[in-house]
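Below is one structure, written out as structure tokens, with a few remarks after it.
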Amino acid sequence: MFDVMQSNTLVINQAANNIIIVEGILQGEKIIESQKTIGHLKNIFQDEVARQKINQQEIVYRVQSHFPVEADTEGGLFFGTTFLNAGMVGDEYFMTQGHFHKQSNCAEYYWGIKGNGVLILMDKKRNCRAEYMQGGSLHYIPAHTAHRVANIGSDELVFNACWPADAGYDYEEIIQHGFSCRLLNKDGKPTLVKS
Ligand code: M6P
Ligand code: ZN
């Protein structure tokens, strides 16, 4: 009897689950970290003169990513945490560069871990909308939709993302034409303004 039970059991491989995530912070194997500084974000903010006056080495955001498969693997998933600092470029809140997906029919999930932010979304017809982001908020980014996040708080904003490994990035559209709306501080309040 005991022998039969033994042959039905599998070894649970402790070493296989070698990534941990606590408050969005990823630790373990295959975690890649990248960062975007003020210097990297030329022509992304409305006020280019204000951007040039800021220390170009100042970090706007860091991204920790887990890439379990090669980029462009059909059916694969990627996972990331973005740590977006609080700050302003002129009247505009620190924000991510933003992108469409190269494979435009790929959707994505974002969810807030801590801090206060706004997810700005724009479809291919350049219709813009926005959703508040905070610890625990879940955001479904549909296909064919550009996405960026602004930090409207005074502390770091942390959010997670999960997206298809073959989604890729189309940054060019945003570099060339931007979003059709911007999140500006108007009289002390975050206000979505058509641009
Ligand atoms: C999220 C995901 C990443 C993205 C990052 C920063 O973590 O969407 O794929 O790289 O935000 O955004 P961006 O690439 O627009 O700078
Ligand atoms: Zn994306």
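The values are calculated or read from the model by the stated rules, or taken from the named source; none is laboratory data. Everything quoted here is computed from the prediction, not taken from an experiment. Every residue, glycine among them, receives a Cβ derived from its backbone with ideal geometry; neighbour counts consider all protein chains shown.
Selection of the stretch 78-112 for residues being more than 12 Å from ligand 2 (Cβ to nearest atom) and more than 12 Å from the chain's Cα centre (by Cα) yields N85, A86, G87, M88, V89, G90, D91, E92, Y93, F94, N105. Residue pairs whose Cβ atoms lie under 7 Å apart, sitting 6 or more positions apart in sequence or on different chains, and linking a residue in the stretch 127-152 that is closer than 17 Å to N116 by Cβ and surrounded by fewer than 19 Cβ atoms within 10 Å (Cβ to Cβ) to a partner that is of a type in the set (K, R) and at pLDDT 95 or above, are G135/K114. Pairs meeting the criteria (first residue in the stretch 68-97 and without any contact (Cβ under 8 Å) to a residue 40 or more places away in the chain, second residue in a loop (DSSP other than H, G, I, E, B) and surrounded by fewer than 18 Cβ atoms within 10 Å (Cβ to Cβ), beta carbons under 6 Å, at least 6 apart or on different chains) are lacking. Selection over the stretch 45-102 of residues that are more than 30 Å from E29 (Cα to Cα), surrounded by fewer than 18 Cβ atoms within 10 Å (Cβ to Cβ) and either of a type outside the set (D, E) or touching a helix residue (DSSP H, G or I) at 6+ places or on another chain (Cβ under 6 Å) (or both) gives a count of 10. Within the stretch 137-155, being of a type in the set (A, V, I, L, M) and touching a helix residue (DSSP H, G or I) at 6+ places or on another chain (Cβ under 9 Å) holds for one residue alone: A146.
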